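None of the figures in this text is laboratory data; all of them are computed from the coordinates on show. Computed from a prediction, not measured in an experiment: that's the story for all the values here. Because the Cβ atoms are built from the backbone with ideal geometry, glycine has one as well, and the counts that use them run over all protein chains shown.
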Amino acid sequence: MPDPDSQATPDPSPLRVLVDLNRCQAYAQCCYAAPAHFAIEGREALFYDPAPPAGMRAEIERARISCPVQAIRVEVPGQGLL
Amino acid sequence: MADATLLDQVKDPKNRADPYPIFARLRANPVSRQHDGTYVAATHAAVASLISDPRISSETLPPAKRPLTGNPFTDWVVKPIREHITDTHRPFIFRDPPDHDALRASVMHQFTRERVQAMRKRSDRLVADLLNEKCGAREIDIVDDLAYPLPVTVICELFGVPREDEPKFHGWATQLATALEPDSLDDDAVRAKNSRCFDAISAYMAELIAEKRRHPVDDMLSGLANESAPGIGRMGQYDLIATSILMLVAGHETTVNLIANSVLTLMRHPEALERLRAEPGWAPRVLEEVQRFDPPVQFRTRKALAEIEIDGITIPEGAPVVLLFAAAGRDPEAYAEPDRFDPDRHDNRHFGFGGSLHYCVGAPLARFETEAALAALAGRLRNPRLAGTPPYRPGAALRGPQHLRLAIDGIA
Amino acid sequence: MSAAASPDRAVVVGSGLAGLRGAEAMRRAGFTGSLTLVGAEAHRPYDRPPLSKHVLTGAVAADATTLPSLVPLEAEWRLGTAATGLDRKNARVHLADGSSLPYDRLLIATGTRARAWPNPHEGRLAGVHTLRSREDAAALRGALAAGQRRVLVIGGGFIGCEMASACAALGIPVTLVEPSATPLARVLGTHLGDVIGAMHAARGVEMRCGTEVEWLEDDGRGRVVRAHLAGGGHVETDLVVVALGAVRNTEWLADSGLGADAGGLDCDADGHALDSEGRADTRIAAAGDVARFPHPLYDGRRVALEHWGHAVAQAEHAGRLLAGRRPDRPYAAVPTFWSTQHGINIKSVGLTEGADGFVIAQGSPKEGRFLAVYGRAGRCIAALSIDCARWLPAYAAQVAARAPFPPIRGATDQPADLAVLPPGFP
């Protein structure tokens, strides 16, 4: 059975972002680093885009490394974990 | 029995250039009692635990103490009122919830992502301009020529303080920042001096706030003076003054050390400097690693509100508690090869910006400014060499070089 | 047993979060043999929490939540192919396509599925949904985007509450029906469940607690139009979400001789699967929602936890175990979960079950931000944070240490009176 999620597309695959929301403490550093892809809703609920475009890599990387509790994981499909 | 004078040794100016061997000795006990009854948390786990413990208070500022003037009306009427106001409207770095949370939320409401992003672009421009001014020079002082003017300009523009007024409050800011140094406020003369500075900078701020009320513009101070965050009333006048002073002082005294410590670390790790030159996108990782390896805020002093049991030790109620961030960053239990400078390391949960409720408000700004400075320096300084051993500023808590002179072959 | 000297065909049944993290843990622990992941769903492992939140509001696409791989797996994927049986004697997993896979090490992480509406005919009506998979979420998103007169949510657990919250965010009228006196009563007790209920009501959710939906009426053409409540009332609706909890996927183990039933697959303290006689099969481990294991923090009581963090932590433990690393201590991660409803961050550590009291330890319910600690027999067993997450780590440490209850006093941001209240479990 072919893997339906790994078909080649003309655009580079989006990044895969995952935040461990058990760990997240709403420090909001990701929201300043990559404002289009992370946001705090209400007082402390983090919303994030799990599939930002590959072109946002530098911003998403800044978000990942600036997280005080290191709750963010980012995979570049085909290249592995940042 | 552990050496109960280790914190004294940390404070001793002769150990300023390299306190890390003392930190290693402090880490032998996660929490240790010093001879003066201060408790020091030195391991990553102990700092992490205490910094998020609600029994640890930030309300450590002793009461204001202004000198007597000899004028009975001033000394017995005006002075007590002013001191009451100062003591009940401290900057939120010295306050606990719920007051802390409301004040901080008001600031965060104005510290918008748009404003920070705008300052990110501005930082790149400012760094370019500052380096252009040094074109043709054979020597550069990283502190005076870049690390100081950059964050000061950014905080002035973001907050809405005229940049040309900066020389006025430069000295006040430096003096007020000594409040973060241990023991400094035990000295009546220092407290009196701080009170005078506070009064002077307060008067300046009150005038500026009045101006922002008459003519609001798009800056943080106008926002704080005229708007209120959702669910929180508009900040009162005295809190607004204290908060403004805090922002201004913080913008002066910390990023300068982050940039200078970063550059010094890079000078001592030429392979890292070389890589940064080739790969400017590496700068964010470099600065996060500096926050672990040689952070600008080395420790903060808090207070135990109740007895706290930790690692077999009982911190008594009322005891001062030093959270030694810089020692936690070198803890081998938390980091492999902690004394190696390695920006590629994973899971770097440093305390360079503190943590929990009092996590540095300005961290995003500090990051963008430092990133801009490091990327430009690596790319533009030709053949930089350390010109002598850098002298350190007096602070043990806010620690960094007074000057950082580099010999260069020019600026690209 | 060392990884290199042992046989080397590993099969992971279940391609969700636990299956993926378990497989990665095996690789990380040095397993170099062949690795096959079997999944009933046709997708690479994806993250479920967004499905009941931002996928419903349209902020995230249903197919955007593929999980990042933390380790290169070099695995064979058998996706869209459910496991149908386990033959332990011959060490083979049977698949729905008639094939079978031999294994030397087997990780069982088949998780759960949504509990269906008890009346199968009504459950199949157009407009009646459950929410578990990516397809479920996409279908619900489509229906919500098309606009609805009124959504009816059946069940006041976390999925039901999140569903109601998404409707409120979209401005769609929504009714939530829950047989207990409050939502989340089983997990939080009625006292704090009431706080959550009030929060929903304040944001426009019509709360119908203490009643049940008896039957769903259709329009004669197979589409739901009305729900009839016990005691005579009814709710006019065109979209019904059945949120009655989850059922563990253990049927495929029926003839395996393992100790499995609707409550999960029994494991020992290490995570090895137990047979129906209680003997460990050391070739097999289980992780995630499906695993029922003795939790050291709760006096060895057997629990099966449907928590995201648990799926990760237990899968990592099980993966190492299968790779041949003997654990130095039993799996004992403190349970944690989070939920967001109406932009309010709800987090918890520990298990509230059996609590005989709770205190408001930080903040205040009146301000809408507080932290409650649950106790049992004088020990802290759980903490719940409502928009108060910065204080949670301190209390998580108290729960992990089974510290005396009521907990720490003299703290900042703490009510003057730490009154112990009855939690009110149904």
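For region B:138-241, which GluC sites (Glu not before Pro) pass both filters: DSSP loop (anything but H, G, I, E, B) and at most 15 other C-beta atoms within 10 Å? Provide the component values of the computation, followed by the final result.
Details: sites: B:GLU139, B:GLU157, B:GLU164, B:GLU207, B:GLU211, B:GLU227; in loops: B:GLU227.
Loop-located and lightly packed - B:GLU227.
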Most fluctuating of B:ALA375, B:ALA147, B:ALA327 in the GNM of chain B (C-alpha, under 10 Å) is B:ALA375
Just for the protein assembly as shown, what percent of DSSP beta bridges are antiparallel, to the closest 5? 70
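Would you mind ranking B:LYS121, C:LYS366, B:LYS212, B:LYS303 by Cβ crowding within 10 Å, fewest neighbours first? The partial results should precede the final answer.
Working: B:LYS121 11, C:LYS366 7, B:LYS212 21, B:LYS303 17.
Result, fewest neighbours first: C:LYS366, B:LYS121, B:LYS303, B:LYS212.
For C:HIS272, B:HIS109, B:HIS346, C:HIS310, what's the fewest-to-most ordering of other Cβ within 10 Å of each Cβ?
Numbers: C:HIS272 20, B:HIS109 17, B:HIS346 10, C:HIS310 25.
Listing C:HIS272, B:HIS109, B:HIS346, C:HIS310 from fewest to most nearby Cβ atoms yields B:HIS346, B:HIS109, C:HIS272, C:HIS310.
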Hydrodynamic radius of region B:253-412 per Kirkwood, over alpha carbon pairs, in Å: 16.9
Hey, what angle do you get for helix A:57-66 against the long axis of chain A, alpha-carbon based, 0 to 90 degrees rounded to 10? 40
Set of aspartates and glutamates with alpha-carbon distance to C:LYS89 below 16 Å, sequence-local pairs under 8 removed: C:ASP104, C:ASP255, C:ASP275, C:GLU277, C:ASP281
Any idea how far apart C:ARG409 and B:ARG125 come out in nm if each label point goes 7 Å out from Cα toward Cβ? 5.9
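Based on other C-beta atoms within 10 Å, arrange B:MET119, B:MET108, B:MET267 from fewest to most. If you can, show how the numbers build up before the last one.
Values: B:MET119 21, B:MET108 13, B:MET267 17.
Going from least to most buried by this count: B:MET108, B:MET267, B:MET119.
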Sticking with the crude label model, points 7 Å out along Cα→Cβ, report the distance from B:LEU68 to B:HIS215 in nm, one decimal please. 4.5
Exposed-loop cut sites defined as GluC sites (Glu not before Pro) in DSSP loop states with at most 10 other Cβ within 10 angstrom; longest site-free run of chain C spans C:75-276
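Taking a 30 Å limit on the Cα-Cα distance, which of the listed pairs B:LYS212/C:LYS53; B:LYS14/B:LYS79; B:LYS121/B:LYS212; B:LYS121/B:LYS193; B:LYS65/B:LYS168 fall beyond it?
Working: B:LYS212/C:LYS53 42 Å; B:LYS14/B:LYS79 39 Å; B:LYS121/B:LYS212 25 Å; B:LYS121/B:LYS193 38 Å; B:LYS65/B:LYS168 23 Å.
Distance filter (> 30 Å) returns B:LYS212/C:LYS53; B:LYS14/B:LYS79; B:LYS121/B:LYS193.
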Sort largest first and round to whole Å: the equivalent ellipsoid semi-axes of region C:343-400, each the square root of five times a Cα gyration tensor eigenvalue. 19, 12, 9
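Throw me the Rg/Rh for region C:120-244, computed over C-alpha atoms with Kirkwood Rh, two decimals.
Numbers: Rg = 13.6 Å, Rh = 14.4 Å.
Rg divided by Rh gives 0.95.
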Please identify, among C:GLY220, C:GLY263, C:GLY171, the residue showing maximal mean-square fluctuation in a Gaussian network model of chain C using a 10 angstrom Cα cutoff. C:GLY220
Would you work out if chain C is rounded, prolate or oblate? Take a ≥ b ≥ c from the square roots of the eigenvalues of the alpha-carbon gyration tensor; rounded if a/c is under 1.5, else prolate when a/b is larger than b/c, oblate otherwise. oblate
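Looking at region C:66-131, which trypsin sites (Lys or Arg not before Pro) are DSSP coil and have at most 16 other C-beta atoms within 10 Å of their C-beta? Mind dumping the intermediate values first?
Working: sites: C:ARG78, C:ARG88, C:LYS89, C:ARG92, C:ARG105, C:ARG113, C:ARG115, C:ARG124; in loops: C:ARG88, C:LYS89, C:ARG115, C:ARG124.
Counting only loop positions with at most 16 other Cβ atoms within 10 Å, the trypsin sites (Lys or Arg not before Pro) in region C:66-131 are C:LYS89, C:ARG115, C:ARG124.
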Could you please state, rounded to a whole Å, how far the C-alpha centre of region B:287-310 is from the C-alpha centre of region C:58-109? 46
Cut-off 13 Å, label point 7 angstrom out along Cα-to-Cβ of B:THR314: give me the residues of region B:32-56 whose amide nitrogen falls inside. none
Only helical DSSP H runs with n ≥ 4 go in: add -39500 (n - 2.57) per run for the protein assembly as shown, normalise by residue count and round the 222 nm mean residue ellipticity to 500 deg cm²/dmol. -10000 deg cm²/dmol
What does the charge count near A:ILE65 come to, summing +1 for each Lys or Arg and -1 for each Asp or Glu among other residues with Cβ under 14 Å from its Cβ? +1
How fast does the protein assembly as shown diffuse by Stokes-Einstein, in µm²/s, taking the Kirkwood radius from C-alpha pairs at 37 °C and 0.692 mPa s? 109
Could you tell me the distance between the Cα centroids of region A:12-65 and region C:117-172, to the nearest Å? 27
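Counting DSSP beta bridges in region C:120-244, what percent are antiparallel, to the nearest 5?
Working: 8 of 23 bridges.
Bridges in region C:120-244 that DSSP calls antiparallel: roughly 35 percent.
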When you count, for each residue, the other Cβ atoms within 10 Å and take the mean per peptide, how do B:149-156, B:25-32 rank with the highest first? B:149-156, B:25-32
Would you give the gap between the C-alpha center of region C:339-359 and the C-alpha center of region B:6-33, rounded to a whole Å? 41
Debye calculation, C-alpha points only, no solvent: report log10 I(q)/I(0) for region A:12-81 at q = 0.12, 0.17, 0.27 Å⁻¹, in the same order as the q values. -0.26, -0.52, -1.28
